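A.B. asks: This is the structure, below, for whatever I ask next.
The values are calculated or read from the model by the stated rules, or taken from the named source; none is laboratory data. These numbers were taken from a predicted model, which means no experiment stands behind them. Using ideal geometry, Cβ is built from the backbone for each residue, glycine included, and neighbour counts are taken over all protein chains shown. Surface accessibility is based on the protein's heavy atoms, side chains included, excluding ligands, DNA and RNA. Shrake-Rupley method; radii C 1.70, N 1.55, O 1.52, S 1.80 Å.
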Amino acid sequence: MESEKKEKQNADQASTGQEMTSNQMISSASMSAVATVSATSALSEYNMTHSSDRIMDNDTSTAWVEGVSGQGEGESVIFTFDGVYKVSGFVIYGGYQKNSDLYYKNSRPASLKVMYSDGSSQICNLSDTLGAQTFTLANPVETSSITFTIQSVYAGNKYEDTVISEISIF
């Protein structure tokens, strides 16, 4: 009887994307759980700002563009969840994905430091390629926030601005 209960509990967790940890339910992360997204800087030009909210608008023709002089190493975008969630990975569209001309004119992240609310972190190395890149964590992390910090870049052939078009956390 106990094993039947455990199997039902495991089946229920699988269908809801939740798992039991220390007598509490931890849901799997999704973009709907993001309460706020912010950045350490953003580029303003032509009467508009390439703000952090553009990094999660499901539109690869818009983007967050860091706004400091130079290549933007050390600049960050911070996703804060509305609670604690289990993060298994993320999908990133590095660079300005609107078209290949803008992609190569602007700088793109080559490596990102990904830091979680418990202070743990990892370095993710990106390819210099148009399109999505998926990073799946070997060990999912329970966290209330994720900070992506630019560590190094692929230099743009015209602009120093480093661009990220989209990030989706799962």
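A.B. asks: Please tell me the relative contact order of the chain in percent, rounded to the nearest whole number, where contacts are Cα pairs under 8 Å and at least six residues apart.
C.D. replies: Relative contact order of the chain: 29 percent.
A.B. asks: Could you do me a favour and compute the accessible area per residue for the stretch 70-109, 1.4 Å probe, result in Å²?
C.D. replies: 34
A.B. asks: At 1.4 Å probe radius, can you tell me the per residue accessible area of the stretch 124-168 in Å²?
C.D. replies: Counting only protein heavy atoms, the per-residue value for the stretch 124-168 is 46 Å².
A.B. asks: What ratio of Cα Rg to 2.2 N^0.38 Å holds for the stretch 60-149?
C.D. replies: Relative to the 2.2 N^0.38 Å estimate, the stretch 60-149 comes out at 1.13.
A.B. asks: Separate question: So what's the net charge close to A63: Lys and Arg +1, Asp and Glu -1, counting the other residues with Cβ under 12 Å from its Cβ?
C.D. replies: So the environment of A63 carries a net charge of -3.
A.B. asks: Next question, about the same structure. Any chance you could give the angle, 0 to 90 degrees and rounded to 10, that helix 2-16 forms with the longest Cα principal axis of the chain?
C.D. replies: Long axis of 2-16 versus the principal axis of the chain: about 20 degrees.
A.B. asks: Calculate the spin-label point distance for S152 paired with D128, positioning each point 7 Å from the Cα along the beta-carbon direction, and give it in nanometres.
C.D. replies: About 1.2 nm, to one decimal.
A.B. asks: Give a residue-ordered list of calculated ³J(HN,Hα) values for the stretch 34-50 (Karplus: 6.51 cos²θ - 1.76 cosθ + 1.60, θ = phi - 60°; whole Hz; x for Gly, Pro).
C.D. replies: 6, 7, 8, 10, 9, 9, 6, 6, 7, 7, 10, 7, 6, 6, 8, 10, 7
A.B. asks: Can you compute the FRET efficiency between K105 and N139 using 1/(1 + (r/R0)^6), with r the Cβ-Cβ distance and R0 = 41 Å? Round to the nearest 0.05.
C.D. replies: Given R0 = 41 Å and the Cβ-Cβ separation, E is 0.65.
A.B. asks: Heavy atoms only, probe 1.4 Å: what % of the accessible area of the stretch 43-170 goes to carbon and sulfur, would you let me know?
C.D. replies: Using a 1.4 Å probe with all protein chains present, the stretch 43-170 comes out at 44 percent carbon and sulfur.
A.B. asks: Also, quick follow-up: Can you check what the net charge comes to around E73, using other residues whose Cβ is under 13 Å from the Cβ of E73 (Lys, Arg +1; Asp, Glu -1)?
C.D. replies: -2
A.B. asks: Hey, any idea what the orientation-averaged projected area of the convex hull of the chain's Cα atoms comes to, in nm²?
C.D. replies: About 10.6 nm², averaged over all directions.
A.B. asks: Quick one: putting +1 on the C-beta of Lys and Arg, -1 on the C-beta of Asp and Glu, what dipole do you get for the chain around its Cα centre, in Debye to the nearest 20?
C.D. replies: 180
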